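To start, the structure itself, in structure tokens.
The values are calculated or read from the model by the stated rules, or taken from the named source; none is laboratory data. Computed from a predicted model, the values in this text were never measured in an experiment. FYI the Cβ positions are ideal-geometry reconstructions off the backbone, even for glycines, and counts take in every protein chain you see. For the accessible areas, the whole protein counts, side chains as well, though only heavy atoms, and no ligand, DNA or RNA atoms are used. Shrake-Rupley method; radii C 1.70, N 1.55, O 1.52, S 1.80 Å.
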Amino acid sequence: MRFLLVLLAVILVLPGTAAAKDEAPAPSATSQTSWAALRADLRKKHRWRWTAATPKARKVRARVPGTVMRGLEWLRAHQSKNGSWEAAAFHKWLDGELSERKVSLREVGPGRAIYDVGVTGLALTAFLVAGWDGTGTHAFDRTVRRGLVWLRTQQSPTGRFGKAVTSPAEHRLPDGRSFKRGTTLTDRATWSYNQACATLAMTEAAALTGDTGWTKCAQRALWQIASMRSPYYAWGYGEKDERCNTSVTTWMVLALGTAQRVNQAEKKAGRKAPFEIDDSAFDGVKAWMERTTDPDTRVMGYTTRHQISSRNLDSAMRYLPADGAPLAAAGLLVRHLIGERVVLNDAAARFLRERTPRHFDPADFVHWHLGALALHRNGGDKW
């Protein structure tokens, strides 16, 4: 849990990382790519926004770049020797070597080893979005290079990242009318999350650097994602799973949406689009949203309308009462990613603004992460 908290917090506040001149990534030849220029403009845009804030806000936000750097440094320090990040054993690594420190498992909150590929993809995304693409000499660049090389070794010829494994953990899928009526899910094919997160990282790396090796790797991964989608609809936990759900679909759309935006940037610059994308996937996602979205609140359900998120049984009670905020965040973000025009005062955006996480609430990483991404795209003073 601690590992994911640091990881997602770093990604959420990345636009301010380059604000401190002595900590900014050094310009490189890769900055000539359209996507690298867009990323740099985005970071610059957010630095300007912060200077226009109120004096109190400026004082708080001035700490953000240093906070992000500390988060990235924490990730760098806990990278395994082979270049990956180990969800269950990250605390055993310190600066590339096995650590002899005595720590309690309760303190570090380890995850499950089956998610190493996905966690590595998320960690790499944090560095890539912050501006370190692996081509420079900074310690973070070396971290990125090692991580990308490891990630490429985990890809099969068909484009799948990691093994097609299932999770032994039990999850509760609540009924939309009563939490007590929910059903329990076991042995879900959770490798779909690994695929989405690893594809997102490889797509970012290919777009930032223009490296043909990363581009080929990302393309195979995008084809794999296309082959996993249920015909006419979205994604579930298995391959062509007819039991689609909003959670997996959101992560898949994050990867596909990023590739689509890269293509659009290249075409605008008069260059050839680097990725082949299954455009019909976005039509399938729209159909899925119509099926699961409440027309009044614009909040999506997990598998049907009004159904809240599934939870690990060992943590489900911590998040009660659940009111759909994580899925509202997912739905709003997906609508932006598929190109839907969303008004500033959209119902889902209002729903999220009224449910901003408080520091003493249980750490719902999906709510924090996707909620911040969705409201960022929506813009306005509330963001």
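A few remarks follow.
- Residues that are in a helix (DSSP H, G or I) and surrounded by fewer than 22 Cβ atoms within 10 Å (Cβ to Cβ), drawn from segment 261-271: R261, N263, Q264, A265, E266, K267, K268
- In the set (1) under 18 Å from A330 (Cβ atoms); (2) modelled with pLDDT of 90 or more; (3) open to solvent by 10 Å² or more (accessible area, probe 1.4 Å), T292 fails one condition alone, (3).
- Considering segment 356-376, the residues that are surrounded by fewer than 15 Cβ atoms within 10 Å (Cβ to Cβ) and charged (D, E, K, R) include one that is modelled with the lowest pLDDT, namely D361.
- Residue in segment 209-230 that is in contact (Cβ under 8 Å) with a residue 24 or more places away in the chain, outside any helix (DSSP H, G or I) and not small (G, A, S) present: yes
- Segments classed as helices (runs of 4 or more DSSP H), wholly inside segment 31-81, with at least 1 members that are at pLDDT 90 or above: 34-51, 64-77
- A Cβ distance below 6 Å, combined with a sequence gap of six or more or placement on separate chains, defines the contacts here; from segment 326-338, residues that are farther than 16 Å from D364 by Cβ and of a type in the set (V, I, T) reach residues that are open to solvent by less than 10 Å² (accessible area, probe 1.4 Å) and not in a loop (DSSP other than H, G, I, E, B) in the pairs V334/T250; V334/V253; I338/V285.
- If you go through segment 262-284 and keep only what is free of Cβ contacts under 8 Å to residues at least 12 places away in the same chain and either closer than 24 Å to C217 by Cβ or within 21 Å of the chain's Cα centre (by Cα) (or both), you end up with Q264, K267, K272, A273, D279, S280.
- Subset of segment 209-227 (residues that are among the hydrophobic types (A, V, I, L, M, F, W, C) and open to solvent by 10 Å² or more (accessible area, probe 1.4 Å)): W214, W223, A226
- Unique match (being within 20 Å of the chain's Cα centre (by Cα), under 24 Å from Q155 (Cβ atoms) and surrounded by 16 or more Cβ atoms within 10 Å (Cβ to Cβ)) among S230, S247: S247
Matching residues to (1) open to solvent by less than 40 Å² (accessible area, probe 1.4 Å); (2) at pLDDT below 90; (3) assigned to a helix (DSSP H, G or I); (4) of a type in the set (D, E, K, R):
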| position | (1), (2), (3), (4) |
| --- | --- |
| A281 | yes, no, yes, no |
| A287 | yes, no, yes, no |
| D296 | no, yes, no, yes |
| R318 | no, yes, yes, yes |
| G331 | yes, no, yes, no |
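- Restricting segment 146-162 to residues that are part of a helix (DSSP H, G or I) and touching a residue at least 24 places away in the same chain (Cβ under 8 Å), the residue that is surrounded by the fewest Cβ atoms within 10 Å (Cβ to Cβ): V149
- Breaking point among (1) modelled with pLDDT of 95 or more; (2) in contact with a helix residue (DSSP H, G or I) (Cβ under 9 Å, 6 or more places away or on another chain), for W223: (2)
- Considered as a group, the residues in segment 163-186 that are crowded, with 18+ Cβ neighbours inside 10 Å and assigned to a loop (DSSP other than H, G, I, E, B) include one that is modelled with the lowest pLDDT, and that residue is G182.
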